[in-house]
Amino acid sequence: MSETTTISSAQSIRRELNRLRLARQSLSASSTALDQQRHYSTYLLEVKPDHLCIDFFIPSTGNDVFIAGEELLLEAKYSGTRYHFFCEYLDHGDDHTNLYHRLSMPTSLFRTEHRSDYRLHLRRDIAPNLMISSGTGNEQPAKLDNISLSGAGIRLPDEEKPQQGDPLKCHFHFNSEPLKLNAEIRHLRPVRTSKEVHVGVAFEPLPRETRRELHQALMRLQRHAIRTSVNL
């Protein structure tokens, strides 16, 4: 199962692109023109406020292919997620040691995540209590709609104004001791029937012991749902 989200916030786009840059993740570049289907490999060198700098193309024939104003499709895969975005080719330069190319800053970034983990959808009567805190550090209750080993769907009051890319600290009260997980907001949509926003969050990579504890908690929830005839 896969899910594609669109990132439109300039700050969030730069954050995601810098992730790819720091990971030295290879990019595939191609023209969107129908008669130009060749793909070239490159890397992000810099993420500027208004443009991107990318490394020379491999194979080297790509360094003379694109012209100013041409639309390029850039694609990358990182940690099981596929990214793609569109840029306008601006120009190329030479910093006395290496050739580089400049592209316009994309206005949208598309992220497709492939879910391999089973997602447990919860009714209110069996959902564990959840407390979250954002950058302000203030804790507040949230409603848990669904959860897996990689992320969760939660509801927040719309006055909280959550933003895509915001970090969250989630405290799940499965037992007497809360399970504390760090997460990031991946997508948002308003809830039509209430003054809430549905927020999809992805957990940061979990230590082995934490992942085991979360897995056991989800199995207990699933068994309880089956015993009480709650539809999953």
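The values are calculated or read from the model by the stated rules, or taken from the named source; none is laboratory data. Remember, predicted model here, so these are calculated numbers, not experimental data. Cβ coordinates were reconstructed from backbone atoms using ideal geometry, including for glycine residues, and neighbour counts include every protein chain displayed. For accessibility, only protein heavy atoms count, side chains too; no ligands or nucleic acids. Shrake-Rupley method; radii C 1.70, N 1.55, O 1.52, S 1.80 Å.
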Relative contact order of the chain, defined on C-alpha pairs under 8 angstrom at six or more residues apart (%): 15
Proximal aspartates and glutamates to residue 48, defined as alpha-carbon separation beneath 20 angstrom and excluding residues fewer than eight positions away on the same chain: 16, 70, 71, 75, 88, 91, 94, 95
Rounded percent of accessible protein surface that carbon and sulfur make up, segment 145-193, 1.4 Å probe: 45
Cα-based helix-to-principal-axis angle, 10-22 vs the chain, degrees rounded to 10: 70
Net lengthening on full extension, residue 75/residue 50 (0.36 nm per residue, minus Cα-Cα): 7.1 nm
Amide H partners (placed H, <5 Å) of residue 197, local residues excluded: 156, 158, 191
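Just how large is the dipole of the chain about the Cα centre, in debye to the nearest 20, putting +1 at every Lys and Arg Cβ and -1 at every Asp and Glu Cβ?
1380
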Per residue accessible area of the chain, 1.4 Å probe, in Å²: 57
Label of the coordinate-derived value, Rg and Dmax of the Cα atoms in Å, listed as (1) 20.4, 64; (2) 21.3, 70; (3) 18.0, 62: (2)
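Which whole-number percentage describes the relative contact order of segment 93-220, with Cα contacts under 8 Å and a sequence gap of 6 or more?
19
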Difference of contour (0.36 nm per residue) and Cα-Cα distance, residue 177 to residue 4: 58.8 nm
